[in-house]
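The values are calculated or read from the model by the stated rules, or taken from the named source; none is laboratory data. What you are looking at is a predicted structure, and each value in this text was computed from that prediction instead of being measured. Ideal geometry is used to build each Cβ from the backbone, glycine not excepted, and the neighbour counts take in all protein chains shown. Each accessible area value is taken on the protein alone, full model and side chains, heavy atoms only, with ligands, DNA and RNA left out. Shrake-Rupley method; radii C 1.70, N 1.55, O 1.52, S 1.80 Å.
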Amino acid sequence: MTAVRKGADFFLFQLMLLLCAIWGSQQVAIKLAADDIAPMLQVALRSGVAAVLVGLLLLWQRGWREWLSTTWLAGILAGVLFALEFFFIALGLRYTTASHMAVFLYTAPIFSALGLHLLLPSERLRRLQWLGIALCFGGVVMAFGVGGNWAEIDHDMLLGDALGLCAGMAWGATTVVVRGSRLSEAPAGLTLFYQLAVAFVLLLAYALVVVDLSQLRWTPVAIASILLQGVVVSFFTYLAWFWLLRRYLASNMAVFSFMTPLFGVTFGVLVLDEPLTLNFIIGAALVLSGITLVSSEAWLRRRLSGWRGLPQQP
């Protein structure tokens, strides 16, 4: 029998507020520790730490081994895409701010919605979602500063922003692979382990080639950044997210999850003293509005039907 999932309540709001604040701190933590440990090495090590923790959890649990033979290929592909996401994040943070990265990374639901629209008949986009996609891409254009004086545009930041958008594409593609394969039915811990383990191997191999390890300094900031990303973000918060998904409606959770880039921008400004341009503020608002329309269309449609006194669609 399918478990009945609850709608939003104050407990969900409180926990999602905490999760979004933690997720929004990731890019800031990477940037803050960049002078002590290269971002590429950070994202490799955080994946390794989290992979060990998830692997230990899987050894304690049961019911995942029979999924290995039917999911390993999709799992490796999801892991490669996951590695690409963090490759683009680490590389992009060399050129752009954590605030910009937080917004462009969270364009991922737009790309996953487009991919699933093409792949699965049940995931066809509705008119409100197409409007959201148009708003999002309009916001991206605005945030890039297109339309302003080209001579005044910071080309390094533009490159970093583009890499952030690529990270969002890779994240969206990972979602499409998971939803379009047997991974959608497999235990969540196994799917997460595939992504973390493959990303660790690929990113560490690349980091060992390009990173000057003589510049590595194990300062309190560097250690805290790795522990935050590997233990808190990639292990505990993901487990909390999956726990909530079994108890609450996914559409309600999606609405709250878009607080994450807002926290990312806020932490970037407060902790790193990052500047914000008017173009970026307007563009970010359009991006977040578009993402909300795309990911929460069903929830919004039910609310609108309720306000109008119309029968609510399932």
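Within region 220-230, which residues are open to solvent by 40 Å² or more (accessible area, probe 1.4 Å) and in contact (Cβ under 8 Å) with a residue 24 or more places away in the chain? Before you say what the answer is, go through the steps one by one.
We begin by selecting, within region 220-230, every residue open to solvent by 40 Å² or more (accessible area, probe 1.4 Å); these are 220-221, 223-224, 227-228.
Hits for region 220-230 are V221, A224, L227, L228.
Results for (1) under 17 Å from L204 (Cβ atoms); (2) free of Cβ contacts under 8 Å to residues at least 40 places away in the same chain, shown as yes or no for each residue.
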position	(1), (2)
S47	yes, no
A51	yes, no
V54	yes, no
R65	no, yes
A74	no, no
V80	yes, no
E85	yes, no
A98	no, no
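Whether any residue in region 244-257 is closer than 17 Å to I89 by Cα and crowded, with 18+ Cβ neighbours inside 10 Å is what I want to check. Break it down stepwise before answering.
The first filter runs over region 244-257 and keeps only residues closer than 17 Å to I89 by Cα, leaving none.
No, every residue in region 244-257 fails to be closer than 17 Å to I89 by Cα and crowded, with 18+ Cβ neighbours inside 10 Å.
I'd like to know if region 165-180 contains one or more residues that are modelled with pLDDT under 90, polar (S, T, N, Q) and within 22 Å of V103 (Cβ to Cβ).
yes
Just give me the residues in region 162-182 being hydroxyl-bearing (S, T, Y) and in a helix (DSSP H, G or I), in sequence order. Talk me through it step by step, then tell me what you get.
Within region 162-182, the first condition is being hydroxyl-bearing (S, T, Y), and the residues that meet it are 174-175, 181.
Correct list: T174, T175.
So in region 72-81, with the set limited to residues that are open to solvent by 10 Å² or more (accessible area, probe 1.4 Å) and either closer than 23 Å to C136 by Cβ or among the small types (G, A, S) (or both), which one is farthest from the chain's Cα centre (by Cα)?
The first filter runs over region 72-81 and keeps only residues open to solvent by 10 Å² or more (accessible area, probe 1.4 Å), leaving 72-74, 76-77, 80-81.
Narrowing the set further to residues that are either closer than 23 Å to C136 by Cβ or among the small types (G, A, S) (or both) leaves 74, 81.
Working: A74: 19, L81: 12 Å.
The residue in question is A74.
Can you tell me which condition L244 does not meet? The list is (1) closer than 20 Å to A34 by Cβ; (2) in a helix (DSSP H, G or I), and all the others hold.
Condition (1) is where L244 drops out.
So which of L91, L81 ends up being aliphatic (A, V, I, L, M), under 25 Å from L190 (Cα atoms) and part of a helix (DSSP H, G or I)?
Exactly one residue qualifies, and that residue is L81.
Out of G63, G132, which single residue is farther than 26 Å from M259 by Cβ and among the small types (G, A, S)? Reasoning before the result, please.
On the way: G132 fails: farther than 26 Å from M259 by Cβ.
After ruling out the rest, the residue left standing is G63.
Can you tell me which residues in region 276-301 are of a type in the set (F, W, Y) and at pLDDT 80 or above? Even if it seems obvious, please write down each step before you answer.
First pass over region 276-301, keeping only residues of a type in the set (F, W, Y): 280, 299.
Residue satisfying the conditions is F280 alone.
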